[in-house]
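A short worksheet on the structure shown next.
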Protein chains: 4
Amino acid sequence: MITVGIYGASGYTGQELLKVLVRHPETKVVALTSRKYKGIPIADIYPIFKGLTDDTFIDASPEDVAGLCDAVFLAVPHGEAMEVAPFFLKAGKKVIDLSADYRLRNVDIYEEWYKEHTSAELISEAVYGLPELYRDDIENARLVANPGCYPTGAILGLAPVVKENCIDSSSIIVDAKSGVSGAGRELSIGSLFCEVNEGFKAYKICTHRHTPEIEQELSLLAGSEINVSFVPHLIPVNRGILSTIYGTLRKNMTASDLIAFYKTFYKDEIFVRVYEEGTYPNISSVKGSNYCDIGLTLDDRTGRVVIITAIDNLMKGAAGQAVQNMNLMFGLPEEMGLKFVSLFP
Amino acid sequence: MITVGIYGASGYTGQELLKVLVRHPETKVVALTSRKYKGIPIADIYPIFKGLTDDTFIDASPEDVAGLCDAVFLAVPHGEAMEVAPFFLKAGKKVIDLSADYRLRNVDIYEEWYKEHTSAELISEAVYGLPELYRDDIENARLVANPGCYPTGAILGLAPVVKENCIDSSSIIVDAKSGVSGAGRELSIGSLFCEVNEGFKAYKICTHRHTPEIEQELSLLAGSEINVSFVPHLIPVNRGILSTIYGTLRKNMTASDLIAFYKTFYKDEIFVRVYEEGTYPNISSVKGSNYCDIGLTLDDRTGRVVIITAIDNLMKGAAGQAVQNMNLMFGLPEEMGLKFVSLFP
Amino acid sequence: MITVGIYGASGYTGQELLKVLVRHPETKVVALTSRKYKGIPIADIYPIFKGLTDDTFIDASPEDVAGLCDAVFLAVPHGEAMEVAPFFLKAGKKVIDLSADYRLRNVDIYEEWYKEHTSAELISEAVYGLPELYRDDIENARLVANPGCYPTGAILGLAPVVKENCIDSSSIIVDAKSGVSGAGRELSIGSLFCEVNEGFKAYKICTHRHTPEIEQELSLLAGSEINVSFVPHLIPVNRGILSTIYGTLRKNMTASDLIAFYKTFYKDEIFVRVYEEGTYPNISSVKGSNYCDIGLTLDDRTGRVVIITAIDNLMKGAAGQAVQNMNLMFGLPEEMGLKFVSLFP
Amino acid sequence: MITVGIYGASGYTGQELLKVLVRHPETKVVALTSRKYKGIPIADIYPIFKGLTDDTFIDASPEDVAGLCDAVFLAVPHGEAMEVAPFFLKAGKKVIDLSADYRLRNVDIYEEWYKEHTSAELISEAVYGLPELYRDDIENARLVANPGCYPTGAILGLAPVVKENCIDSSSIIVDAKSGVSGAGRELSIGSLFCEVNEGFKAYKICTHRHTPEIEQELSLLAGSEINVSFVPHLIPVNRGILSTIYGTLRKNMTASDLIAFYKTFYKDEIFVRVYEEGTYPNISSVKGSNYCDIGLTLDDRTGRVVIITAIDNLMKGAAGQAVQNMNLMFGLPEEMGLKFVSLFP
């Protein structure tokens, strides 16, 4: 059994991790930290855990947590993760960081979009935790930077065409739509039920912090710098991200060629499902699962490829992918504990 | 491995059963019937199954299905189940009927509320599939009548106080609220998104067919005839039933006494969770799980007990309970394949 | 033109009042106060007002506001209203208080359920602003206590049978369900989208502060003290309250008699719609309107009357009723500026 | 008073028209046709009309309807409108057609995307009913082709930049998201509550019939042929369309220049609201109103303009715009009967 800790366990991502880990056959959760809910059983905060765990939130130092476990998931906000990751690594623990702190390889870009980095020396060591692209590196990593939710859907949707140079690299637009759990459990007027329900809006238009993360990975795949227009929107649902991605085709391919190409590209990927021609994903088909569903077509009239991807932002976009990474880091089957079917309807 | 068939697999209950059974460690689904979708892969109708099963709907006779499997789940509407159950039983198969056809022990009451019964001879043999009340009988049953969704929540909420004669048996009111999946996947204007969303209404007020089922079980528990006022409502959510139950207390008990009594009554039940004083269930805490959550209090000013129960209508109210019954019928651990945590948020 | 002020205009009720008043043919809004948003145009906080009003929130003293207007709507929380109402009255202004401060005629009961009252001397003068019951008094009132949202639906549903002594006064249960705007725009985890959406729960079971308000009015109608069991629930919709009301019939009446009686009782009421036998209200039919819709039936098997009422909690349950009261206080047609049709779907 | 008929009044658009027209100070609705609901009071089908109108659906011939009224709104599906419009025009009535039948000026394109046209001779006479572009023509029209819901949001968002040639005409992408009422009240599995709720998907990707309508109007504005990639999505809300529009800037302009330009372009338009820099529309701000809200920015990193527009698909996208057109056709103030504020929340 792998003993694991969740550092910052009281948010939606933290409880989602716990949900996965309590049923994982090879893990034992030994520490759930939360300053806010210190001493309170997690089942009091999240009644879904009644009867499943008596675990209580603790407010322990990184050192104390490190003393308890083999692996630590950091589910704290960016800025806090980089403060504690060094302790865990120094103690010889494997770290899966769900914040943005080690995702950007260029510290200047991190500091431009986020804030000053206090453990930049670890960036070069961190592996970007998208198993479909970096499986081998993840297996050997001590520190995995779990991808952002939006980047997961955008990069998996674009990787094949960008890597093979099928589309004009200056033509990429990612129009993404996310469920509200992506905003976390923080109090803000914009997250109140009545503000969100029966509404729909774009936000942080072309200024969202996931932009440089998407660009970094696409640029690496292409071997040249790529900028994208990234516009996120808020859907009045709890979970799910649908990304509608546009790019101008450079090669002579049909929709059917493109789909065949995607099926080949992802043929060994258990968590990527490429749809048949004329069918497209719906976030309801991945809700609660670790899948990334992909559908695509070609707009013959304009020469654009349109790629649609759907993920559950809390699963493949956060906790599920984090456990997928943990499985790889510990030599377990990649899908262990992650074979969830969507809770449709 | 138990080979199982789902007879009438194309509705919400059918696909929910499949969802549970494909991950159940001791079952193998060998037949999914649907007249409507004959020959079509279930993953084409419900994309959640992509990558999990290549199963295709068949339109097979009961005899053919019987030839394939050890157990059959009937997920057809009432009236159809009683036509096919005799064939499965004759062929020596175990049957879990999710329709209403064998729930009412008095055929006259069945015929008053439903329609003429064509296999009434089986009624006396059928066991009402509420494991918390009839576990031993279920273990030995050939034919289990899986309870209705509303009755499950109402009966589990009332069983302790009714059995111990704690409340006035003429005072019981069940004000229940259900998610929309309870109406199935049939086409009707009333089930359209725009008709339901941002709405809330009562329906079939004191005339819903689950009324005699609730009354039958409460009467058996009390040892005397009980009538209840049962008013169902439609909540604009996919899943869940919250039942708010009222009854006038006859004994000198506090809220705390009542809760202690419920905890004792259900102390060995893995799927019943009794809440602490002052806390009450929310359907979101049981979504996707097989739990029945119960909270209760006493209205000192009027002398009424108020009991709140929450279930997922498709799980403990249908497919989950059906698999719980199957486990019992085949001597498997009751919770096998059913340890789902709610998909909150 | 009547000049009006909204004291505490930044919440959902405040903006709803403004929405009604900016289109009212005989009112001119001259003051919108908000400490929090002082100096900010209301259209910046609520973009629905773009192009309709340039009004800016002010943080003015009651005296200053009184100097500007003929009538003041108090849309501040209870406790604050009783601090400022005396100033407005002293200045000769008419006051419609949407808080609970002057609703309860017995100051002891107010202080038991709320807090110490600081202007109790005004309680005896205040008129309970339910026009269907107190029209004449409202016309002559200086201070109107606008009813609570739940009490409006409960009292209008029960008034006929309670006044005529048709039901057993000890048998009344009000099982009410409200949209989320009833909780206001305050920040709390329980009001976050992900906590409410796909959920349903009861809250403040038999302890909600609207209980004594309902009981007061029913007791006055009956001429004897009535206690009720009142259980509110939260529906994942923005607006609307559906109340399902139970009482044991004492008279020999059919459902049809009861409906005829209700139609007669409310025959002159423009904002009460009594439904035909076998049809019942849905909150979606009153959304955005000032109607209270009522449907009822008799449960022959238990002898209970079941009454269903639907209102929009922000309209007939708050702002709409407040303007209805203002119309009466100023001798205007009662329905002026209030003829809204529900925004279905 | 203008006497008006609604031909095909039983759908969501029909009832929305009625809602607007019953409160319009200069119209009297004299005919509501519906084959399906012939003889049934509209208040029985849509209870929102209880107490407002006793009107009953009739199944009358176009000739009969023409005999009753000055103006006719066609709210029947495409294909049916072109069958009846000639009768109304022959009878000297003004016609506002809410179907697609007279929107496309090129009958070949109509027949390519829709079906054979049976009254193509009227196409040249029909005026495209977007008042912001064709006000003068509408004032003199006998037959107005009310724009599609998606085209309204797309064209109003693009008109300024396309007309002034500010963006590369080959670069336009319209990523649109619509509430479910856009699908009408027809029975289909895809419109069931449980299929839509908690879901989000794209549909008819680059094949939606509104594509040629958008292209026609943009091409006319530009003076050269424009093709666009148009991808509609389904939002789980009742009402509203948000269009996120992308185009590559050709001129040297800042976001602030663009906004100033839009404000000037629409300065006399009562139903277009251009947002300040850094603020963007939400469909909840236009729900139930006739506004088209527009926000825009510039993605400096890619040189793309991003334009966001929000409308209520049943109002500015259908019934509201139809009445706006009627006002113009009859010389009434354009905004008469249309000054609705959004029903937020």
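The values are calculated or read from the model by the stated rules, or taken from the named source; none is laboratory data. Nothing here was measured: the structure is a model prediction, and the numbers come from that model. Cβ atoms come from the backbone with ideal geometry, glycine included; neighbour counts cover every protein chain shown.
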**Item:** Every residue from region C:33-55 that is within 23 Å of the chain's Cα centre (by Cα) and farther than 25 Å from D:A310 by Cβ
**Value:** C:T33, C:S34
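Looking only at region B:1-34, filter to residues that are assigned to a loop (DSSP other than H, G, I, E, B) and either modelled with pLDDT under 95 or of a type in the set (G, A, S) (or both); which one of those is surrounded by the most Cβ atoms within 10 Å (Cβ to Cβ)? Please lay out each step first, then the result.
First, pick out the residues of region B:1-34 that are assigned to a loop (DSSP other than H, G, I, E, B): B:1, B:8-11, B:24-26, B:34.
Retained after the next criterion (residues that are either modelled with pLDDT under 95 or of a type in the set (G, A, S) (or both)): B:1, B:8-11, B:34.
On the way: B:M1: 10, B:G8: 23, B:A9: 26, B:S10: 23, B:G11: 21, B:S34: 23.
If we take residues in region B:1-34 being assigned to a loop (DSSP other than H, G, I, E, B) and either modelled with pLDDT under 95 or of a type in the set (G, A, S) (or both), then B:A9 is surrounded by the most Cβ atoms within 10 Å (Cβ to Cβ).
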**Prompt:** (1) crowded, with 24+ Cβ neighbours inside 10 Å; (2) under 13 Å from C:D175 (Cβ atoms); (3) at the interface with chain B (Cβ under 9 Å from one of its Cβ atoms): which one isn't true of C:C206, the others all being true?
**Reply:** (1)
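Checking the structure you have, find out if any residue of region A:59-80 is within 14 Å of chain B (Cβ to nearest Cβ) and under 26 Å from the mean Cα position of the chain (by Cα).
Filtering region A:59-80 for residues within 14 Å of chain B (Cβ to nearest Cβ) gives none.
No, region A:59-80 contains no residue that is within 14 Å of chain B (Cβ to nearest Cβ) and under 26 Å from the mean Cα position of the chain (by Cα).
Results for (1) part of a loop (DSSP other than H, G, I, E, B); (2) of a type in the set (G, A, S); (3) buried (at least 24 other Cβ atoms within 10 Å of the Cβ); (4) at pLDDT below 95, shown as yes or no for each residue.
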site	(1), (2), (3), (4)
A:P77	yes, no, no, no
A:M82	no, no, yes, no
A:G92	yes, yes, no, no
A:V95	no, no, yes, no
A:S99	yes, yes, no, no
A:Y102	yes, no, yes, no
A:D108	no, no, no, no
A:E112	no, no, no, no
A:K115	yes, no, no, no
**Complete:** The number of residues in region B:278-306 that are of a type in the set (D, E, K, R) and closer than 30 Å to B:Q324 by Cα is 2
**Request:** Within region A:248-261, identify whether any single residue is modelled with pLDDT of 95 or more and under 22 Å from the mean Cα position of the chain (by Cα), and answer yes or no.
**Result:** no
**Request:** From A:A43, A:A60, grab the single residue that is surrounded by 15 or more Cβ atoms within 10 Å (Cβ to Cβ) and assigned to a loop (DSSP other than H, G, I, E, B).
**Result:** A:A60
**Message:** Any residue at all in region B:63-71 that's in contact (Cβ under 8 Å) with a residue 12 or more places away in the chain, outside any helix (DSSP H, G or I) and surrounded by fewer than 18 Cβ atoms within 10 Å (Cβ to Cβ)?
**Reply:** no
**Fill in**
Taking region D:224-256 and keeping only residues that are aliphatic (A, V, I, L, M) and either without any contact (Cβ under 8 Å) to a residue 12 or more places away in the chain or in a loop (DSSP other than H, G, I, E, B) (or both), one is left with D:I226, D:V228, D:I235, D:V237, D:M253
**Fill in**
Going through region A:199-225 in order, the residues found to be under 17 Å from A:W113 (Cα atoms) and in contact with a helix residue (DSSP H, G or I) (Cβ under 6 Å, 6 or more places away or on another chain) are A:R209, A:H210, A:P212, A:E213, A:I214, A:E217
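Tell me, yes or no, whether region D:26-38 has at least one residue that is over 26 Å from D:P86 (Cβ atoms), of a type in the set (D, E, K, R), away from every other protein chain (no Cβ under 14 Å) and touching a strand residue (DSSP E or B) at 6+ places or on another chain (Cβ under 9 Å).
Start the filter on region D:26-38 by keeping residues that are over 26 Å from D:P86 (Cβ atoms), which leaves D:26.
Next, only the ones that are of a type in the set (D, E, K, R) stay: D:26.
Narrowing further to those that are away from every other protein chain (no Cβ under 14 Å): D:26.
Going one step further and asking which of them are touching a strand residue (DSSP E or B) at 6+ places or on another chain (Cβ under 9 Å), we end up with D:26.
Within region D:26-38, one or more residues are over 26 Å from D:P86 (Cβ atoms), of a type in the set (D, E, K, R), away from every other protein chain (no Cβ under 14 Å) and touching a strand residue (DSSP E or B) at 6+ places or on another chain (Cβ under 9 Å).
Would a scan of region C:274-282 turn up a residue that is without any contact (Cβ under 8 Å) to a residue 40 or more places away in the chain and small (G, A, S)?
Filtering region C:274-282 down to residues without any contact (Cβ under 8 Å) to a residue 40 or more places away in the chain leaves C:274-281.
Filter once more, keeping what is small (G, A, S): C:278.
For region C:274-282, residues without any contact (Cβ under 8 Å) to a residue 40 or more places away in the chain and small (G, A, S): present.
If you go through region A:117-170 one residue at a time, how many are basic (K, R) and crowded, with 18+ Cβ neighbours inside 10 Å?
Taking region A:117-170 as the starting set, the residues that turn out to be basic (K, R) are A:135, A:142, A:163.
Checking which are crowded, with 18+ Cβ neighbours inside 10 Å leaves us with none.
Residues in region A:117-170 being basic (K, R) and crowded, with 18+ Cβ neighbours inside 10 Å: 0 in total.
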**Asked** From the list A:R250, A:R239, which residue is within 14 Å of chain B (Cβ to nearest Cβ) and of a type in the set (D, E, K, R)?
**Response** A:R239
**Message:** Just to confirm my filter: which strands (runs of 3 or more DSSP E) fall fully inside region D:257-345 and include at least 2 residues that are among the charged types (D, E, K, R), more than 10 Å from chain A (Cβ to nearest Cβ) and surrounded by 24 or more Cβ atoms within 10 Å (Cβ to Cβ)?
**Reply:** none
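Across region D:176-202, which residue is surrounded by the fewest Cβ atoms within 10 Å (Cβ to Cβ) among those that are in contact with a strand residue (DSSP E or B) (Cβ under 6 Å, 6 or more places away or on another chain) and either in contact (Cβ under 8 Å) with a residue 60 or more places away in the chain or within 30 Å of D:V306 (Cα to Cα) (or both)? Don't jump to the end; show me each part of the working.
Step one: filter region D:176-202 for residues in contact with a strand residue (DSSP E or B) (Cβ under 6 Å, 6 or more places away or on another chain), giving D:176-178, D:191, D:199-202.
Okay, now just the ones that are also either in contact (Cβ under 8 Å) with a residue 60 or more places away in the chain or within 30 Å of D:V306 (Cα to Cα) (or both), so D:176-178, D:199-202.
On the way: D:A176: 26, D:K177: 29, D:S178: 26, D:G199: 25, D:F200: 26, D:K201: 22, D:A202: 26.
Among them, the one singled out is D:K201.
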**Request:** For region C:158-184, enumerate the residues that are among the hydrophobic types (A, V, I, L, M, F, W, C), under 23 Å from the mean Cα position of the chain (by Cα), more than 9 Å from every other protein chain (Cβ to nearest Cβ) and not in a strand (DSSP E or B).
**Result:** C:L158, C:A159, C:V161, C:V162
**Prompt:** Which one of these does C:I214 not meet: (1) more than 8 Å from every other protein chain (Cβ to nearest Cβ); (2) closer than 30 Å to A:V196 by Cβ; (3) buried (at least 22 other Cβ atoms within 10 Å of the Cβ)?
**Reply:** (2)
